[in-house]
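Take a look at the structure below.
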Amino acid sequence: MSADAIWITEAEVVQLMDLREAIAALEAALREEARGGAQNMTKTLLQYGKNNLHAIGAKLGDLVGTKTWTHTQGGTCPLLLVWDAADGSLVAVIEAFALGNLRTGGISGVAAEWMAQKDAKILGIVGTGKQALAQVGTMLSVRPIERLQIYSPRPESRAEFAGKVREEFGVEATACDSASQACKGAQIVTLVTRAAQPFLTAAMLDKGTHLNAVGAIAPDREEFTQDVFDRATLVAVDNLSGVQQLSREFMTRYTASGWDRVAPLSKLIASGRRRSEADDLSVFKAMGMGISDLALGVELVKRARERGVGRVMAQPKKAKPRFAGGRARSPV
């Protein structure tokens, strides 16, 4: 490509793409993955203290990209870098806070479209952090949700989140006193927490519930107990290798017994397998994968160039390193 690269800011990401458009871009990329036209880089994670350094990447069409960020107690600053797959030239640097919300929410929406009951009207959610609002929005995009049931350990957090949901989406939102209460009667349950110990059991889920587990993305986290798998008749993940290496829930269940019952979401879509009346629980686990971020990055770059959005950056130019800089010159 070798043209000037562009820097796309958070505000421009929000201007260029909404959640429904992200869902469409993600499903298209998953279909491409199933055809062999997209490949993931295995997710890399470094844990240091209570902080994590992450890196994911992928190839999609003519572009490759990697998103990296460090999640610290003081905050984070994710960036998606996109290059031309043929000549390695820089295509874009994309600020990736909003992109990450669109990706995480959007992939849950794609999964729910295939795995949740068509007439699901009640959504239970456990966790009210920065990813939670996108999770609500994505379910409203794919299912006729009328009521949201919210649990978070702190009463003020769940009450505040209920207010945000009413203001943002205009749907009924109730703050619950327990995770069990939030799950009662819900056809879809989303877990988006940083829990270190499992808190959700199979007994808390009604028959036919779709469980969307997206919070525990490192081996030191776990949100649901193993008996959930005993009732699960449909199990899918965004990226199998990521789950095999980083999900304590899935590693505990499947490492010894084999992974035959776990389907990548792309394979589920390609096969046309949707929830049937015979299914009990369905489980979707999202760890985050490069194809998802790059799918949105590719679409954002396309729209930015079409609309003249983004700050133009010249291609980096090589400069000769000063190899002899540390050696004293001879006085002679």
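Heavy atoms of the protein chains alone define the surface here; on that basis the stretch 159-271 has 41 Å² accessible area per residue at 1.4 Å probe size. Taking the stretch 150-304 as the region of interest, the number of lysine pairs whose Cα atoms are within less than 25 Å, with members eight or more places apart or on different chains, is 6.
Which whole-number percentage describes the relative contact order of the stretch 139-203, with Cα contacts under 8 Å and a sequence gap of 6 or more? Display every interim value, and only then the final one.
On the way: 57 pairs, mean separation 20.2, N = 65.
31 percent.
Ordered from largest to smallest accessible area (heavy atoms of protein chains, 1.4 Å probe), the residues Arg143, Arg154, Arg248 come out as Arg154, Arg248, Arg143. Average 1/r across all pairs of distinct alpha carbons in the stretch 1-154, invert it, and you get the Kirkwood radius: 17.2 Å. Helix 19-34 and the longest principal axis of the Cα set of the chain meet at an angle near 80°. Considering only GluC sites (Glu not before Pro) in DSSP loops that have at most 15 other Cβ atoms within 10 Å, the longest stretch of the chain without any of them is 1-145. How large, in percent, is the carbon and sulfur part of the accessible surface of the stretch 1-137 at a probe radius of 1.4 Å? Carbon and sulfur: 58 percent of the exposed surface of the stretch 1-137.
DSSP finds beta bridges in the chain, and of those with both partners inside it, around 50 percent are antiparallel. Measuring r between the beta carbons of Arg194 and Ala85 and using R0 = 41 Å, the FRET efficiency lands at 0.70.
Compute the acute angle (0 to 90°) between the alpha-carbon long axis of helix 132-142 and the principal axis of greatest extent of the alpha-carbon atoms of the chain; round to the nearest 10°. With both axes taken from Cα atoms, the answer is about 70 degrees.
Stokes-Einstein diffusion of the chain at 4 °C, 1.567 mPa s viscosity, Kirkwood radius from Cα pairs, rounded to a whole number: 62 µm²/s. Partners of Lys59 within straight-line reach, counting aspartates and glutamates whose Cα lies under 20 Å from its Cα and excluding those fewer than 8 residues away in the same chain: Glu27, Glu32, Glu33, Asp84, Asp87, Glu95, Asp238, Asp293, Glu299.
Annotation for the stretch 195-251 versus the stretch 116-146: alpha-carbon center distance of 17 Å. Derived scalar couplings between HN and Hα for the stretch 225-241 equal 7, 5, 5, 4, 5, 4, 9, 6, 9, 9, 10, 9, 9, 6, 9, 5, 5 Hz in order, rounded to whole Hz, by the Karplus curve 6.51 cos²θ - 1.76 cosθ + 1.60 (θ = phi - 60°), x for Gly and Pro.
How many Å³ per residue does the convex hull of the Cα positions in the stretch 220-332 occupy?
On the way: hull volume 28.6 nm³, N = 113.
Enclosed volume per residue, from the Cα hull, is 253 Å³.
With θ taken as phi - 60° and the Karplus curve 6.51 cos²θ - 1.76 cosθ + 1.60 applied, the whole-hertz 3J(HN,Hα) list for the stretch 102-107 is 5, 5, 5, x, x, 5 Hz, x standing for glycine and proline.
Charges at C-beta only: +1 for Lys and Arg, -1 for Asp and Glu. How large is the resulting dipole of the chain about its Cα centre, in Debye rounded to 20?
Values: 41 positive and 36 negative charges, 231 e Å.
Here the size comes out at about 1120 debye.
Taking 7 Å steps out from each Cα toward its Cβ at Gln47 and Thr76 produces label points 1.5 nm apart.
The values are calculated or read from the model by the stated rules, or taken from the named source; none is laboratory data. Keep in mind it's a predicted model, so treat the numbers as computed, not measured. Please note: Cβ atoms are built from the backbone with ideal geometry, for glycine as well, and neighbour counts cover all protein chains shown. Side chains are part of the model used for accessible areas, which takes the heavy atoms of the whole protein and leaves out ligands, DNA and RNA. Shrake-Rupley method; radii C 1.70, N 1.55, O 1.52, S 1.80 Å.
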